[in-house]
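A short worksheet on the structure shown next.
Coordinate-derived values only; no laboratory data. Model, not experiment: these values are computed from the prediction. Cβ placement follows ideal geometry from the backbone for every residue including glycine, while neighbour counts extend to all protein chains displayed.
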Amino acid sequence: MPAKLILSNMRSFLRLEKNRNKMKKNGVILHGSARSNGNTRMIADLVAQQSGFELVDLVKLKIGAFDYDFKNSEDDYLPLMRRVSEEFDSLVFATPIYWYSMSGLMKDFFDRFTDLLRVEKEIGRKLSGKTMSLISCSSGPERPDYFAGPFEATAGYLGMHYAGDLHGWIEGEVIPETVAQAAREFAARIKNALHRDEGDERD
Ligand SMILES: Cc1cc2nc3c(=O)[nH]c(=O)nc-3n(C[C@H](O)[C@H](O)[C@H](O)COP(=O)(O)O)c2cc1C
């Protein structure tokens, strides 16, 4: 076979493979701590490792606050959400608890869902039918009962399925075994939720 033909076949194969991978159901952990390598990250990393989900560190991106004139529409939010909407079927929000609530970075991220309802509506529509879940991290086992409320309600509003949450904390710079065990179970749950409608598609 001529070298040119081999090269062209190879290119077609790679393109097909790329599309196939894109179509594969997958998950992403959106990490919203104010620091990249803090406590939330330790737990999110364990879940990422157990689930195979990709982790995106939001603090490294430029994500501005919601603006009524959409002045921040050139920042990293829309490209990220375009990719998330195209490549992932499960979105896991990982946030520390700051003042009884999600981090400010995560709240900005949530406020920007409004961009997807008013401007980039196609991205917003693509979120419908996907799965949302939550990882929270504070200084101990207690978490306010209402904490998951905004996540669950937002999932409902966007037509997403809420798959539950994991709460964790760090003791002496390590993940306590109770939290590690819960994280392993959570990872298995979100992986199973990802494949719940896959049926025969699974390899
Ligand atoms: C600004 C700020 C506010 C906090 N507020 C709370 C709180 O309301 N409840 C709580 O249990 N812990 C609170 N904490 C403790 C953090 O939730 C805890 O240290 C967490 O593990 C930090 O995760 P990180 O390293 O990813 O930021 C707060 C910490 C900070 C820095």
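Among the GluC sites (Glu not before Pro) in the stretch 105-203, those located in a DSSP loop and surrounded by at most 13 other Cβ atoms within 10 Å of their own Cβ are E142, E173, E198. Residue by residue, the stretch 80-95 carries 3J(HN,Hα) couplings of 5, 5, 4, 5, 4, 5, 8, 9, 10, 9, 10, 10, 10, 9, 10, 9 Hz when phi is fed to the Karplus relation 6.51 cos²θ - 1.76 cosθ + 1.60 (θ = phi - 60°); x denotes Gly or Pro. What is the local net charge at D67, summed over the other residues whose Cβ is closer than 12 Å to its Cβ (Lys, Arg +1; Asp, Glu -1)? Local net charge: -3.
So how do 41-48, 109-116 stack up, highest first, on mean other-Cβ count within 10 Å? It would help to have the intermediate numbers written out before the result.
Numbers: 41-48: 22.1, 109-116: 18.5.
With the highest mean Cβ count within 10 Å placed first, the list reads 41-48, 109-116.
Give the separation of the Cα centroids, the stretch 75-102 to the stretch 119-159, in Å. Using only Cα atoms to place each centre, the spacing works out to 9 Å.
In order along the stretch 105-110, the Karplus-derived 3J(HN,Hα) couplings, from 6.51 cos²θ - 1.76 cosθ + 1.60 at θ = phi - 60°, round to 4, 5, 5, 4, 4, 5 Hz, and Gly and Pro are given as x.
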